[in-house]
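A.B. asks: Next up is a structure, given as structure tokens.
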Amino acid sequence: DRWPEHNEEYPPGNRIGLWCGHQRHRKRTGKLTDARYRLLDGIGFQWDVLDQAWMEQLGHLKKYRLSHVDRWPAPTEKFPPGNSIGSWCGTQRKNKLTLAPARERNLDEIGFPWNPFEDAWDEQFDHLKKFRAAHPDRWPERREQFPSGNRLGAWCQNQRAMRRRLSSDRKRKLSEMG
């Protein structure tokens, strides 16, 4: 379910990866015969190695989400070990406007957060609404966690400290809470 990498040999001494690269180059330059194209295409030859690498990363991201259902990779996170999945996610966000529609669709289908900072703010705001519903007479204290493990009190304090820099929409949402 993978194709040889550029420098790969199989069996040892046979530079199959280099040969595959030559076939791709011949196709791009119009020098690959129709017969050879059909033979290679018939076995599912991977014509676009960048697409193969992208799909491999998407597969890693899906596996990551199976074992980390409550979060997405941090920017420096490696998964599997040695693979910069967090950096890859950041690259997808940065390139969203030029991403192929099929790739964007693949990410949307797994609920990929295009703007994790916006999503994190919205999630904390939802926690605050639940907190206020459970405790209508007070706000979270500075060190209070709600739900357990979530530093909602610190988040509220940060919102107060940044009130001049908050968007008008965020200010409105917070003000409407009382």
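The values are calculated or read from the model by the stated rules, or taken from the named source; none is laboratory data. Note that this is a predicted model, so its numbers are computed, not measured. Please note: Cβ atoms are built from the backbone with ideal geometry, for glycine as well, and neighbour counts cover all protein chains shown. Calculation scope for accessible area: heavy atoms of the full protein, side chains included, ligands and nucleic acids excluded. Shrake-Rupley method; radii C 1.70, N 1.55, O 1.52, S 1.80 Å.
A.B. asks: Quick check on segment 57-75. Is at least one of its residues touching a residue at least 24 places away in the same chain (Cβ under 8 Å), loosely packed, with under 14 Cβ neighbours inside 10 Å and charged (D, E, K, R)?
C.D. replies: yes
A.B. asks: On to the next question. Cβ-Cβ distance below 8 Å, separation of 6 or more or different chains: which pairs start in segment 80-95 with a residue that is in contact (Cβ under 8 Å) with a residue 12 or more places away in the chain and surrounded by 12 or more Cβ atoms within 10 Å (Cβ to Cβ) and end on one that is among the hydroxyl-bearing types (Ser, Thr, Tyr) and assigned to a helix (DSSP H, G or I)?
C.D. replies: Taking only residues 6 or more apart or on different chains, the pairs are ILE85/TYR64.
A.B. asks: Looking only at segment 22-54, count how many residues are free of Cβ contacts under 8 Å to residues at least 24 places away in the same chain and either part of a helix (DSSP H, G or I) or among the hydrophobic types (A, V, I, L, M, F, W, C) (or both).
C.D. replies: Of the residues in that region, 21 qualify.
A.B. asks: Related question: Suppose the filter is open to solvent by 50 Å² or more (accessible area, probe 1.4 Å), assigned to a loop (DSSP other than H, G, I, E, B) and not small (Gly, Ala, Ser); does GLU141 pass it?
C.D. replies: On the way: open to solvent by 50 Å² or more (accessible area, probe 1.4 Å): yes; assigned to a loop (DSSP other than H, G, I, E, B): yes; not small (Gly, Ala, Ser): yes.
Considered against the rule, which asks whether it is open to solvent by 50 Å² or more (accessible area, probe 1.4 Å), assigned to a loop (DSSP other than H, G, I, E, B) and not small (Gly, Ala, Ser), GLU141 comes out as yes.
A.B. asks: Output the residues belonging to segment 121-138 that are open to solvent by 50 Å² or more (accessible area, probe 1.4 Å) and either under 25 Å from PRO75 (Cα atoms) or assigned to a helix (DSSP H, G or I) (or both).
C.D. replies: Answer for segment 121-138, where residues must be open to solvent by 50 Å² or more (accessible area, probe 1.4 Å) and either under 25 Å from PRO75 (Cα atoms) or assigned to a helix (DSSP H, G or I) (or both): ASP122, GLU123, ASP126, LYS129, LYS130, ALA133, ALA134.
A.B. asks: Still on this structure: Of everything in segment 66-87, what is under 10 Å from the mean Cα position of the chain (by Cα) and not in a loop (DSSP other than H, G, I, E, B)? Give them in sequence order.
C.D. replies: Across segment 66-87, the qualifying residues are ILE85, GLY86, SER87.
A.B. asks: Next question, about the same structure. Residue by residue through segment 91-106, note down the ones that are farther than 27 Å from LYS173 by Cβ, in a helix (DSSP H, G or I) and not β-branched (Val, Ile, Thr).
C.D. replies: Filtering segment 91-106 for residues farther than 27 Å from LYS173 by Cβ gives 91-92, 94-95, 97-106.
Now restrict to residues that are in a helix (DSSP H, G or I): 91-92, 94, 97-98, 101-106.
If the condition is that a residue be farther than 27 Å from LYS173 by Cβ, in a helix (DSSP H, G or I) and not β-branched (Val, Ile, Thr), then GLN92, LYS94, LEU97, PRO101, ALA102, ARG103, GLU104, ARG105, ASN106 are the ones that fit.
A.B. asks: Return the residues of segment 144-171 that are touching a Leu at 6+ places or on another chain (Cβ under 7 Å) and either surrounded by fewer than 16 Cβ atoms within 10 Å (Cβ to Cβ) or in a loop (DSSP other than H, G, I, E, B) (or both); say none if nothing qualifies.
C.D. replies: Scanning segment 144-171 gives GLU144, GLN145, PHE146.
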